[in-house]
Amino acid sequence: MTMPVVYLLIIIAWAVLFVGFFLQDYTIIMLSTIFILVLGVDIIINGLNSLNNFATQAFGIFHLGISFYVMLKANMEKIKK
């Protein structure tokens, strides 16, 4: 059984975000949060692996919320410097 592409993209996006936090690189953090936002919208619209129920909608909204918060928090810290 192969892993669907969406799951692989989610893992890659979150891994890049954690690498950005580890390196404290603003650009990597911003690019990964934008990527996670796009994935969240895609999950809300298309669902996961042909599933489109309440759990997948909540999973997409979770991605949108966390990535939007991280993006705002990183921008505010960048402005304060």
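The values are calculated or read from the model by the stated rules, or taken from the named source; none is laboratory data. The structure presented is a predicted model; accordingly, all values stated were derived computationally and were not measured. So basically every Cβ, Gly included, is an ideal-geometry build from the backbone, and we count neighbours across all protein chains shown.
Criterion first (farther than 14 Å from Lys73 by Cα, among the aliphatic types (A, V, I, L, M), more than 13 Å from the chain's Cα centre (by Cα) and surrounded by fewer than 13 Cβ atoms within 10 Å (Cβ to Cβ)) does Leu8 satisfy it?
In short, no.
Contact annotation: residue pairs with Cβ atoms under 6 Å, 6 or more positions apart or on different chains, pairing a residue in segment 7-21 that is without any contact (Cβ under 8 Å) to a residue 24 or more places away in the chain with a partner that is in a helix (DSSP H, G or I) and β-branched (Val, Ile, Thr), are Gly20/Ile28; Gly20/Ile29.
Condition check: within 25 Å of Lys81 (Cα to Cα), among the hydroxyl-bearing types (Ser, Thr, Tyr), in a helix (DSSP H, G or I) and out of contact with any helix residue (DSSP H, G or I) (no Cβ under 6 Å at 6 or more places or on another chain). Does Thr27 satisfy that?
yes
Taken together, the residues in segment 1-29 that are farther than 15 Å from Phe62 by Cα and either aliphatic (A, V, I, L, M) or in contact with a Cys (Cβ under 9 Å, 6 or more places away or on another chain) (or both) amount to 14. Considering the conditions (1) hydroxyl-bearing (Ser, Thr, Tyr); (2) surrounded by fewer than 17 Cβ atoms within 10 Å (Cβ to Cβ); (3) within 18 Å of Gly60 (Cα to Cα), Ser32 is excluded by exactly one of them, (2). Scanning segment 35-60 for residues that are in contact (Cβ under 8 Å) with a residue 24 or more places away in the chain and either outside any helix (DSSP H, G or I) or loosely packed, with under 12 Cβ neighbours inside 10 Å (or both) yields a count of 2. Do we have Lys78 as surrounded by fewer than 16 Cβ atoms within 10 Å (Cβ to Cβ), modelled with pLDDT of 90 or more and farther than 13 Å from Ala13 by Cβ here? Spelling it out, it is not the case that Lys78 is surrounded by fewer than 16 Cβ atoms within 10 Å (Cβ to Cβ), modelled with pLDDT of 90 or more and farther than 13 Å from Ala13 by Cβ.
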